[in-house]
Amino acid sequence: MFHHVKELQFNARVSKADPYFANLLLEQFGGENGELAAAMQYFTQAFGAKVPHPDKYDMLMDIATEEFSHLEIVGATIQMLLKGVNGELKDAADNSEIMQIMNGKTAKESIIHDALTANPQFAVITGGGVTPRNSQGIPWCASYVNSNGDLTVDLRSNLASESRAKLVYEHLMKFTQDPYVLETLSFLMTREVAHYKMFEAALDSIQPNFPPGILAADPRFTQQYYNLSKPESALGPWNQGQMPGMSKDFEYIEEPLAYVKKKATEKPSQETKRQLAQTEKQNQKFSKLKSDEVKKADKKDKGQWSDYDKG
């Protein structure tokens, strides 16, 4: 059950109207890396996490709800930046706050022109209101949401989502000098960092969480780095030394074509056969573990989502 509190999570303010920046800020309202996309992503992911990971269900719902509050902050800021342009546009501008900071008809016409050329849909479709569209007027799309049904995969998607959203706020901060707007953007950007660390901690609490999913990786193909650049590929911790978190070393394949041809006709060694058999046992064990995890948590005797009787 959602409960709307009229006060915003952060005191969003603007010092003056700025239709051009209002349009840019739509990226964080209805864009692919915006607050609506994040809210819907975490909200969607939460359902699949409810049974096997009820604690993570709470976390995802809490963060999703906060993202909706951030959406409200962004929408409110956009609306304040459009003072004098929304409503009836030119007629409304005659008596709006914009006239306190803009002098003369030329200035007024210029600011309205900026708003319309930045995004004609402000006037033509929305009448100066905020709708789930990005800065180019493209409607929000459900394809922005990543929800794969495996919590470790979803949490990794969330780490990337928070990282991208933070970058968008950083870029937006370059296009405004309004100190109040900058404060709001800084708050929203910082909460992306906070959410990133929450998701990181949640992922660490699920063990094992690598590789993503249930099935183990085929031991024959996990450690090869193919040199596919000429001259040779640069060396680094991604292709030499021990693989992170694994008791294997990277194998740098200097001549990939010759290597593949050799492996295609080579009979598997006894060690390879042993590793494959061990992998198969791990797959069966982990598959049962993940299945039992859900079955044990699933209350067969009660077909209801909430435990109202707990009071």
Cα coordinate range in segment 174-237, projected on the principal axes (Å, largest first):
56, 40, 16
For Asp62, what accessible surface area do you get with a 1.4 Å probe? Give it in Å², rounded to 10.
100
FRET efficiency for Asn148 and Gln177 from the Cβ-Cβ distance with R0 = 45 Å, rounded to 0.05, comes out at 0.65
One finds, for Ser15 and Thr65 with R0 = 30 angstrom and r their Cβ-Cβ distance, a FRET efficiency to the nearest 0.05 of 0.50
If you take the charge dipole of segment 176-311 about its Cα centre, with +1 on Lys and Arg Cβ and -1 on Asp and Glu Cβ, which of Ala194, Gly236, Ser291 is farthest toward its positive end?
Ser291
Suppose a student asked you for the relative contact order of segment 126-276, using Cα pairs under 8 Å spaced at least 6 residues apart; what percent would you report?
18
Quick check: from the Cα gyration tensor, does segment 172-281 come out rounded (a/c under 1.5), prolate or oblate?
oblate
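The values are calculated or read from the model by the stated rules, or taken from the named source; none is laboratory data. All figures in this text were calculated on a predicted structure; none of them were measured in a lab. FYI the Cβ positions are ideal-geometry reconstructions off the backbone, even for glycines, and counts take in every protein chain you see. In case anyone asks, the SASA skips ligands and DNA or RNA and just uses the protein heavy atoms, side chains included. Shrake-Rupley method; radii C 1.70, N 1.55, O 1.52, S 1.80 Å.
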